[in-house]
Amino acid sequence: MREFQNQLKQVFRRLARAPMFTAVTLITLAAGVGANTVVFSVLEGVLLRPLPYAHEENLVGVWQTAPGLNIRDLNIAPSTYFIFREQNQSFLDLGAYQYDSVSITGVAEPEQIPALRMTDGTLPLLGVIPALGRTFSRQDDSAAAPPTALLSYAYWRRKFSADPTIIGRTIIVDGKSHQIIGILPKNFHFLDSEDRSVIIPMQWDRNTVHLGNYSYEALARLKPGVTLQQANADLARMQPIALNSFPAPEGFSLKIFQEAKIGPNVRPLKQDVVGDVGNTLWVLMGSIGMVLLIACANIANLLLVRFEGRRQELAVRGALGATRGRIAAELLLESVVLGLLGSAIGLGLAYAALRVLVAMAPEGLPRINEITINGPVLLFTLFVSLLSSVLFGCIPVLKFAGVRLNTGIREGGRALSQSKEQHRARAVLVVVQVALALVLLICSGLMIRTFRALTKVDPGFSRAAELQAFRISILSTQVPEREQVVRMQEAILNKIQAIPGVSSVAWGSGIPMDGNTSNDPVFIAGRTYADGELPPLRRFKRAAPGFLETLGTPLIAGRLYTWADMYQRLPVTIVTENFARENWPNPADALGKRIRVATTDDWREIVGVVGNVFDNGVSQPPPTTIFWPVMMDRFEGDKEFVARDIAFAIRTSRAGSESLMKDIREAVWSVNPNLPLSDVNTADFYYKKSIARTSFTLIMLGVAGSMALLLGVVGIYGVIAYSVSQRTREMGIRMALGAQTRALTRMFVQHGLRLTAIGVVFGVVAAIAVMRLMSTLLFKVSPVDPVTYVTVCIGLLVPAWLASYLPSRRVATVDPVEALRGE
């Protein structure tokens, strides 16, 4: 132990005598290890860490498929919920839930708050124990029971000042009185959703349930020993039972549901929580890992130079009896000390950077609140530090631990030029650095091209930053008559229209990309359909007069809605261009054609064709969309329909300002003081959200590529600079024999460019392989896009030339007489 302590003291003493070398090495390693720690923290928090529920491995998401409708993930319906819960042989229990938004009135200003509707078995499946009161019972979830509610801990503190006597009191939810029966735990988050302020029971009436309405998500806990395959087989057994246990809705036949070929799709609940973000995170982890490899190569080059200066010392120690093993252990100890110190600094940088990363993480990144530096992350950092120490330490150790020590003694202190063999190790490291840097730069370049392609897509609306939106919901308990609903909405419109700076305003079911969508099949008049045949699903939107004009959606053919269409409830509709082209040769040919949903619906004449709207985000194809009127007769099997939950779109230069929203609230509440506003955002918010993940990936790959380029250029500079310093005598002889400074400079530049070119060749090959794996992240860009590859290669060669040229200019300062005087 004492000998080890002495060796450790010697290491620190040697590092202190070389402060520049120590500082550069620690900073380089800290950047590489810190970046890897940050990304691994995200990876561990999102993908690797178990869900915070007891025996989470037995929790599953209960989904279905409908290949007859080309639906991969189909939610459950009330009909399937009852059959699955009552007759399954695989689950301890099953719960259904739905994300929602509800209005709270009677307590200060009206509020529209995020909510959850769920069946009584959902929270017990997750092992939730309330902070106060109780959770739902089977009786609470029955249709005849008085409405009850659970409050989140945060909402309880904010709205009711953490009053413990709140249990048993009532709040008004969507116009109905609900008794508060419990307060959820302080840190509880349902799956990965934002904090849901209120949870209310479903209270389905089994006697009135019919087939359809596949709008609910479900989770279950498997019985001990039951596998996913067995659970899926169990659901497949119950599908026919569900179809035959409930009636089809009016206007639809049982045959339609049978032709949908609904099947099971039970999967781990964690898959539902994490989603498809895994590929992106693994790509980022790989890219940051490349940066660490480049950093290790750079440090290995520094150590080669440092140990080269100690060759005589090592040779003397070997001559005095030090074994190769002892010398290798001491050299490796220095590498490990550097690795641990650099990693400690990197860990501190990671802690600070993680907060910034979480703040800039894209909307929708799952489990964002669980990302932290914990035990597994610390173990990862320790592993990376030791691995890095071995990676950058083994090359100089193998080269200098006993190799040519006698030669080192014979050379003495003379500045002899090095042989090609002595340069080879550093040259190989530079080639590796250049190749890895090129891979990251090409990845970054392709993501830049992807981002540019996304920003050039016409989303189907214009000047998103000038488009303010908010939602209101007019409840049937407030305004029962549907025409009065539209009259109230129009009155609000007129009030908002009078606000200074507002150029236009209208309403619909939702503005593009806000997630408020529904889909159903649409039948076309004159087409022959087999018994039970279902046409493809279409996106359903509702639009009042002026809504599409306010959005800036272009009119391709025909006309848009008028107020006469609304109040006279004329059987008309508007479709998007892709729907028209899918069914007729030209968009104008769709005019006059008729469509409907259910057999009891009116046929509706297509009076207008508008441009495609990228409602799923600009990275996804625009859905074929039908814009139905906001008030209709005989629609989807219902005799009367009116859109009560709507979004207002306001075109104004004041969009996004609090002063505008203050004026809007006053305008809305002057018509109805019990209407809370929700989802207050500009269209630009939703647009940026749709490309947020691409932006996040671009930024991370850009940072990795920049670090790699910097380290690669530093590596080239170091090799050329050291080569010049070691070949001073050779340069002196050449200059004494008449060699020109320009020719000697060119020789060193060519050497640096030769190493770069070799690295570029290997890098291009590696990039082609890597980008084929990353092709799912690209949009309208080929994984082997020649523009990107050529641009990046040229962009790498230019700094490589500069990194070779700058140190080579030192040749001009060589004095042949001084260089030869050492002989």
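The values are calculated or read from the model by the stated rules, or taken from the named source; none is laboratory data. Just so it is clear, the structure is predicted and the values come from calculations on it, not from any experiment. As a convention, Cβ positions derive from the backbone with ideal geometry for all residues, glycine included, and neighbour counts pool all protein chains shown. For the accessible areas, the whole protein counts, side chains as well, though only heavy atoms, and no ligand, DNA or RNA atoms are used. Shrake-Rupley method; radii C 1.70, N 1.55, O 1.52, S 1.80 Å.
Taking region 761-800 and a reference point 7 angstrom along Cα→Cβ of Gln620, the backbone N atoms nearer than 20 Å belong to 775-781.
Multiplying the residue separation of Asn369 and Lys688 by 0.36 nm and removing their Cα-Cα distance gives an extension gain of 112.7 nm.
Take Ser659, project a point 7 Å from its Cα along the Cβ direction, then tell me which residues of region 468-500 have their backbone nitrogen under 16 Å from it. In region 468-500, the label zone of Ser659 (backbone N under 16 Å from the point 7 Å along Cα→Cβ) covers 499-500. The string of couplings for region 279-292 from the Karplus curve (6.51, -1.76, 1.60, θ = phi - 60°) is 4, 4, 5, 5, 4, 5, 5, x, 5, 5, x, 5, 4, 5 Hz, one whole number per residue in order, with x for Gly and Pro.
Set against the 2.2 N^0.38 Å expectation for a compact globular protein, region 648-703 has a Cα radius of gyration ratio of 1.60.
Along region 54-67 the Karplus relation, 6.51 cos²θ - 1.76 cosθ + 1.60 evaluated at θ = phi - 60°, assigns HN-Hα couplings of 4, 6, 5, 5, 9, 7, 10, x, 9, 10, 9, 10, 9, x Hz to successive residues, with x for each Gly and Pro.
Summing Lys and Arg as +1 and Asp and Glu as -1 over all other residues whose Cβ lies under 14 Å from the Cβ of Ser245 gives a net charge of +2. Database remark: amide H of Asn519 closer than 5 angstrom to the amide H of Phe540 (H placed geometrically; neighbours at sequence offset of 5 or more, or on other chains; Pro and chain starts carry no H). Annotation: amide H of Leu74 within the under-5 Å range of Gln64, Thr65, Ala66, sequence separation 5 or more or interchain, hydrogens built in the peptide plane.
Of the whole protein surface, Arg596 contributes about 50 Å² of accessible area at a 1.4 Å probe radius.
Estimated purely from DSSP H runs of n ≥ 4, each contributing -39500 (n - 2.57), the mean residue ellipticity at 222 nm for the chain is -16000 deg cm²/dmol once divided by its residues. Put +1 on the Cβ of every Lys and Arg and -1 on every Asp and Glu Cβ in region 164-236; which of Asn207, Gly225, Pro185 then has its Cα farthest towards the positive end of the dipole? Of Asn207, Gly225, Pro185, it is Pro185.
All C-alpha pair distances within region 467-620, sorted into 5 Å bins from zero, spread as 2, 8, 15, 20, 20, 17, 11, 6, 2, 1, 0, 0 percent across the bins.
The peptide list 571-581, 693-703, put in order of mean Cβ contacts within 10 Å with the highest first, becomes 571-581, 693-703. Could you state, as a whole-number percent, how many of the C-alpha pairs of region 199-316 are farther apart than 18 Å? In whole percent, the long-distance tail amounts to 74.
The local environment of Leu116, defined by Cβ-Cβ distances under 12 Å, has a net charge of -2 under the rule Lys, Arg +1 and Asp, Glu -1. Full extension of the chain between Ala23 and Leu8 gives 3.6 nm of extra length, using 0.36 nm per residue less the Cα-Cα distance. Each peptide among 755-761, 736-742, 788-794 gets the average number of other Cβ atoms lying within 10 Å of its residues, and from highest to lowest they stand as 755-761, 788-794, 736-742. With every protein chain in place and a 1.4 angstrom probe, the accessible-area ranking of Leu777, Leu94, largest first, reads Leu777, Leu94. For Cα extents along the principal axes in Å, several values are listed as (1) 88, 83, 77; (2) 107, 61, 55; (3) 84, 68, 57; flag the one computed from this structure. The listed entry that was calculated here is (2). The heavy atoms of Phe21 present about 30 square angstrom of accessible area, all protein chains included, probe 1.4 Å. Taking amide hydrogens as placed 1.01 Å from N in the peptide plane, the amide H of Leu132 sits under 5 Å from those of Ile183, each at least 5 positions away in sequence or on another chain. Bridgeable lysines around Lys270 (alpha carbons under 29 Å apart, same-chain partners fewer than 8 residues away excluded): Lys186, Lys223, Lys261, Lys688, Lys689.
Counting every C-alpha pair in region 141-248, the share spaced more than 22 angstrom apart comes to 54%.
Taking packing as the residue-averaged number of other Cβ atoms within 10 angstrom, the listed peptides 463-476, 485-498 run from highest to lowest as 463-476, 485-498. Stretching the chain fully between Ser706 and Arg169 yields a gain of 187.4 nm (0.36 nm per residue, less the alpha carbon separation).
Among beta bridges from DSSP that stay inside region 567-686, the antiparallel ones total about 60%.
Look at the dipole of the chain built from charges on Cβ: of Leu51, Asn681, Val668, the Cα furthest out on the positive end belongs to Leu51.
The residues of the chain expose on average 43 square angstrom of accessible surface per residue, using a 1.4 Å probe on protein heavy atoms. For Asp141, the solvent-accessible surface computed with a 1.4 Å probe is close to 20 Å², ligands and nucleic acids excluded. Model label points for Ile241 and Thr741, set 7 angstrom from Cα along the Cα-to-Cβ axis, are 9.3 nm apart. In this simple spin-label approximation, Val390 and Arg267 carry label points 7 Å from Cα along the Cα→Cβ vector, and these lie 3.6 nm apart. Towards the positive end of the charge dipole of the chain, with charges on Cβ (+1 Lys, Arg; -1 Asp, Glu), say which of Pro78, Gly61, Thr562 has the farthest Cα. With unit charges placed on the Cβ atoms, the residue in question is Gly61. Placing +1 on the Cβ of every Lys and Arg and -1 on the Cβ of every Asp and Glu, with no other charges, gives the chain a dipole of roughly 4160 debye about its Cα centre.
Backbone phi angles across region 458-468, fed through the Karplus curve with coefficients 6.51, -1.76 and 1.60 (θ = phi - 60°), yield HN-Hα couplings of 6, x, x, 8, 10, 6, 4, 5, 9, 10, 8 Hz in residue order; Gly and Pro are listed as x. Apply the Kirkwood formula to region 639-734: the hydrodynamic radius equals the inverse of the mean of 1/r over all pairs of different alpha-carbon atoms; give it in Å with one decimal. So the Kirkwood estimate lands at 20.0 Å. Ligands, DNA and RNA left out, the 1.4 Å accessible surface of the chain is 57% carbon and sulfur atoms. What you get for region 1-77, charging only the Cβ of Lys and Arg (+1) and of Asp and Glu (-1), is a dipole of about 780 debye around the Cα centre. For region 715-781, a Kirkwood hydrodynamic radius built from all Cα pairs, placed in the Stokes-Einstein relation at 20 °C and 1.002 mPa s, yields a translational diffusion coefficient of 144 µm²/s.
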